[in-house]
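J.: Structure in structure tokens, see below.
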Ligand code: HEC
């Protein structure tokens, strides 16, 4: 029958895709990228936050906090626990108060959820 799919080819393709995704996510340490939901959360404390500013903060975190140990996931600690950790780790990473606050804006807000679908109306 012409309409039947050909499982051997698609299985091989799927396997390769799955492997690629695995390598990709391990390589990035699974560190989430900011979404609009994260921005909404961040603005309660950082009114000027944008996806771009949180993405930049992610970059500072990756650059400044990975020298001595693997990066921790933002969800490993609550916002107030991150305040404590950053007060401890900021001096070790030789952060300026501005850099420390920037990293805090990423760690205490970015969860990386998909933004809700746009439902239209209004
Ligand atoms: C100069 C090395 C160094 C740098 C840079 C560094 N850390 Fe650490 N970090 C450590 C050590 C050593 C520990 C082990 C626990 C301890 O000694 O307090 C640790 C532990 C931690 C822990 C686990 C909490 C605990 O009490 O065990 C967290 C979370 C953490 N670091 C976050 C960060 C963040 C965020 C940054 C970037 C601002 C950072 N670290 C930069 C050395 C460093």
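J.: Would you mind calculating the gained length between residue 92 and residue 56 on full extension (0.36 nm times residue separation, minus the Cα-Cα distance), in nm to one decimal?
T.: 10.9 nm
J.: For residue 36 and residue 113, calculate 0.36 nm times their separation in residues minus their Cα-Cα distance, and state this gained length in nm to one decimal.
T.: Contour length minus Cα-Cα distance gives 26.8 nm.
J.: On to the next question. Compute the convex hull volume of the Cα atoms of the stretch 36-107, divide it by the residue count, and report the result per residue in Å³ as a whole number. Display every interim value, and only then the final one.
T.: Values: hull volume 6.0 nm³, N = 72.
Dividing the Cα hull volume of the stretch 36-107 by its residue count gives 84 Å³.
J.: How much length is gained if the chain between residue 80 and residue 101 is pulled fully straight, taking 0.36 nm per residue apart and subtracting their Cα-Cα distance, in nm to one decimal?
T.: Additional length available on full extension: 6.3 nm.
A short reminder: the numbers here are calculations on the coordinates, not readings from a lab. Here the structure is a predicted model, which is why all the values come from computation and not from measurement.
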